[in-house]
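Worksheet for the structure shown next.
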Amino acid sequence: MVEKENKSIDQATNEMIEKAASDGCSVVFDRAESMKPCPIGSVGSCCQNCSMGPCRVPLTKGKEETPEAKKKRRGVCGATAETIAARYFARMVASGTAAHSDHARKVTETFLAVARGEAPGYQIKDEQKLLQLALDLGVEISERSNEEIAIDIGEIAMKEFGRQEGEILFLKRAPLKRQELWRKQGVTPRGIDREVVEIMHRTHMGVDQEYKSLLKQAVRTSLADGWGGSMIATELQDVMFGTPAPVLGRINLGILREDEVNLIIHGHEPQLAEMLAVVAQDPQIVEYAISKGAKGINLAGMCCTANEILMRHGIPLAGNFLQQELAIVTGVLDAIVVDVQCIMQGLADVAQCYHTKVITTDSRARIEGAMHIEFDEHNAAEIARDIIRTAIDNFPNRSGSIRVPKQETDLIAGFSHETINYLMGGLFRASYRPLNDNIINGRIRGVAGVVGCNNARVTHDSAHVAMVKELIKNDVLVLQTGCSAMACAKAGLMVPEAAAEYAGEGLASVCEAIGIPPVLHLGSCVDNARILVAATMMVKDGGLGDDVSDLPVAGAAPEWMSEKAISIGQYFVGSGIFTVFGVNWPTLGSKGVTDFLFKDFEEMYGGMWAFEADPIKAAQLMIEHIDKKRKALGIDKARDRILYDMEARRELDAA
Ligand code: SF4
Ligand code: MSK
């Protein structure tokens with residue numbers, strides 16, 4: 001076993017890493033020690049797109065590249081380092097978009113089944129959002145039932161995946177200037193699946209071999225994610241399961257209970273989790289748990305499925321990405337139920353050391369060695385019951401060492417953009433105007449979206465927390481999703497009291513007046529679409545320019561690891577938002593590609609990428625960008641209120 005010091009800034013995580021070692025069980029932190037990243041692949045200099053390769057075209061370290069040396073850096077087919085890096089990057093975007101969008105497709109199928117009365121146990125919970133969606137999509141409302149309206153909405157949404165021409169419908173929500181820019185640059189996505197397929201085609205051996213052209217398609221595809229798949233998922237989930245509103249929750253491994261049946265749901269799609277949340281409260285099933293010697297059933301979440309059910313039900317979060325195996329290490333986890341995405345195959349091995357049952361539930365995501373109970377929305381309650389009974393039946397099988405860390409932290413979640421709107425402006429004057437006003441008067445310097453994963457190459461949670469503390473100290477309001485939100489929640493940044501303790505004076509004064517934390521939890525990975533909507537609302541409420549790229553905002557994923565994060569970052573950038581990533585950068589093997597993404601994109605899209613592994617320096621880059629935008633808007637200096645007398649007014653009129 002390897003040295004376990006400082007793997008995380010979270011005490012509960014470190015404690016469980018130690019316990020795993022003493023139990024003789026290897027976890028992700030151990031595997032990261034023994035498996036070092038490939039220095040050539042990690043910078044996008046290895047191509048495996050045909051069987052003449054893999055071709056590796058590394059930069060010679062520490063040497064300025066001569067034109068002759070550059071000429072030699074080619075794959076067997078002649079592909080340049082630029083083509084190889086751009087293809088690698090574009091494929092990451094395609095995979096991330098595919099993941100979010102296949103999630104959205106499944107949600108749309110469930111939505112249609114609910115509307116058609118074929119999914120008992122589910123219902124349309126948010127009528128207001130349903131009607132708003134109908135208006136946005138041009139669906140007739142008149143005297144029609146919610147179900148009739150929902151069928152039309154579901155069918156329109158489903159067509160977005162297979163659309164072959166035209167423009168994805170939710171793009172209309174963006175500021176007009178942004179829509180025009182996308183058309184001018186030729187990156188307006190036609191249909192979600194089409195853009196993904198086109199990247200796979202273009203990056204096949206011997207097709208698109210011009211890096212700028214490849215990256216253009218990457219932008220187009222990512223927009224099909226942010227303004228397409230992810231937005232569809234978020235909108236339909238809100239209608240079916242309820243639009244999140246502020247809710248008190250708890251987070252960290254300390255939420256597991258020694259005397260209860262512990263069941264964690266992990267992954268991304270909330271359909272099964274929603275039903276588990278209902279069935280776990282059924283008196284009959286609780287009685288069954290008691291009959292096996294437990295005091296009750298403790299349902300908790302992990303990763304983004306956790307965020308979904310936290311936002312809507314206040315169900316506790318066991319932890320983020322790098323804690324998934326550690327929940328098993330406690331020895332009290334009776335079952336971990338997984339759906340799709342970010343589920344480590346290592347779960348099955350770790351479960352061998354303990355009694356935990358790993359249950360896969362989706363035909364698209366099977367794991368060797370795991371039990372499989374397939375989810376079907378047409379029969380969801382029965383399947384949920386089956387899963388919970390499996391966990392209960394496993395409760396008496398606990399054996400070996402048990403230790404549950406004490407750490408659990410309160411957080412407030414549930415900040416959908418509708419909630420922010422309401423909190424800022426009130427029920428009858430819901431608006432982003434107060435946010436804009438406070439940005440204009442300088443109390444809030446700007447807004448940052450800090451999102452994304454954990455990465456075993458970085459001290460767990462450290463970069464998220466350091467970056468977010470630096471931002472709020474400098475009066476930047478932070479919006480979060482995914483595992484990043486969980487890191488900051490564990491650090492105590494998602495309670496209103498955090499404003500006085502960590503935020504700058506201006507931001508703290510606004511948070512205290514409204515009663516919000518300085519760091520707002522907006523949900524799961526697909527809910528990054530909420531950040532796009534929030535940015536658009538800021539533009540539409542006026543005073544901060546006429547496009548997203550005019551806003552004093554920035555984005556970041558300081559511990560990213562998944563291809564979905566690259567897709568998210570790319571649609572932030574394509575929507576006009578400066579975005580900085582940590583850990584490593586997947587095109588550093590090509591100066592041309594990297595410069596294009598980091599510099600030329602600003603000219604083309606008003607937003608660009610940056611890479612900075614140090615989270616404080618990265619936060620400072622974001623603040624510099626925010627200040628640059630404030631200056632361009634003429635709000636860089638606090639404005640004195642000027643009271644004009646009649647003479648001054650006459651001078652103004654004459655001017
Ligand atoms: Fe090598 Fe070209 Fe094949 Fe890639 S496509 S593996 S660079 S020969
Ligand atoms: S779960 S994509 S590790 S944020 Fe959305 Fe966390 Fe990243 Fe998965």
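How do VAL286, VAL57 rank by accessible surface area computed with a 1.4 Å probe, from largest to smallest?
VAL286, VAL57
Mind listing the phi-derived Karplus ³J(HN,Hα) values for the range 557-572, rounded to whole Hz, using 6.51, -1.76 and 1.60 with θ = phi - 60°, and x for any glycine or proline?
After applying 6.51 cos²θ - 1.76 cosθ + 1.60, I find 9, x, 10, 4, 9, 8, 5, 4, 5, 5, 5, 4, x, 5, 6, 4 Hz.
Under the 0.36 nm per residue contour assumption, what length would be gained going from the current alpha-carbon distance of MET52 and HIS372 to full extension?
111.3 nm
What is the local net charge at ILE151, summed over the other residues whose Cβ is closer than 14 Å to its Cβ (Lys, Arg +1; Asp, Glu -1)?
-4
Test of understanding: what is the full-extension gain from HIS201 to ALA500, defined as 0.36 nm times their sequence separation minus their Cα-Cα distance?
That works out to 102.4 nm of additional length.
Can you list the HN-Hα couplings for the range 114-126, worked out from phi with the Karplus curve (6.51, -1.76, 1.60; θ = phi - 60°), rounded to whole Hz and with x for Gly and Pro?
My calculation for the range 114-126 gives 5, 4, 8, x, 9, 10, x, x, 9, 8, 8, 8, 10 Hz in order.
Using the per-residue mean of other Cβ atoms lying within 10 Å as a proxy for protection, in what order, highest first, do the peptides 470-480, 30-40 fall?
Descending packing order for the listed peptides: 470-480, 30-40.
If each DSSP helix of 4+ residues adds -39,500 (n - 2.57) and the sum is divided by the residues in the chain, what number results at 222 nm, nearest 500 deg cm²/dmol?
-14500 deg cm²/dmol
For GLN123, what is the net charge nearby, where nearby means another residue's Cβ is under 11 Å from its Cβ and Lys, Arg count +1, Asp, Glu -1?
Charge balance near GLN123 sits at -3.
Spin-label point model (7 Å from Cα, Cβ direction): what's the GLU18 to LYS36 distance in nm?
The modelled label-to-label distance comes out at 2.9 nm.
So, in nm, how far is label GLU118 from label LYS637 when the simple model puts each one 7 Å beyond its Cα toward the Cβ?
6.6
Just to confirm a number: summing +1 for Lys and Arg and -1 for Asp and Glu over residues other than THR579 whose beta-carbon lies under 12 angstrom from that of THR579, what do you get?
Here the charged neighbours net out to -2.
Placing +1 on the Cβ of each Lys and Arg and -1 on the Cβ of each Asp and Glu in the chain, which of GLY545, ILE531, ALA365 has its Cα farthest towards the positive end of the resulting dipole?
GLY545
Would you kindly state the longest site-free stretch of the chain, with sites defined as chymotrypsin sites (Phe, Trp or Tyr not before Pro) in a DSSP loop (not H, G, I, E, B) surrounded by at most 10 other Cβ atoms within 10 Å?
Result, exposed sites excluded: 1-427.
Determine the percent antiparallel among the DSSP beta bridges restricted to the chain, to the nearest 5.
20
Using 7 Å Cα-to-Cβ label points, what is the ILE290/ASP259 separation (nm, one decimal)?
Simple spin-label model gives 1.3 nm for this pair.
Using θ = phi - 60° and the Karplus relation 6.51 cos²θ - 1.76 cosθ + 1.60, list the HN-Hα couplings for the range 620-633 in order, rounded to whole Hz, with x at every Gly or Pro.
5, 4, 5, 5, 4, 5, 4, 5, 4, 5, 4, 5, 4, 7
What is the calculated FRET efficiency for LYS61 to GLU624, with r their C-beta to C-beta distance and R₀ = 30 Å, to the nearest 0.05?
Calculated value: 0.55.
The values are calculated or read from the model by the stated rules, or taken from the named source; none is laboratory data. Because the structure is predicted, anything quoted here is derived from the model rather than measured. So basically every Cβ, Gly included, is an ideal-geometry build from the backbone, and we count neighbours across all protein chains shown. What goes into the accessible areas is simple: the full protein's heavy atoms, side chains included, and nothing from ligands, DNA or RNA. Shrake-Rupley method; radii C 1.70, N 1.55, O 1.52, S 1.80 Å.
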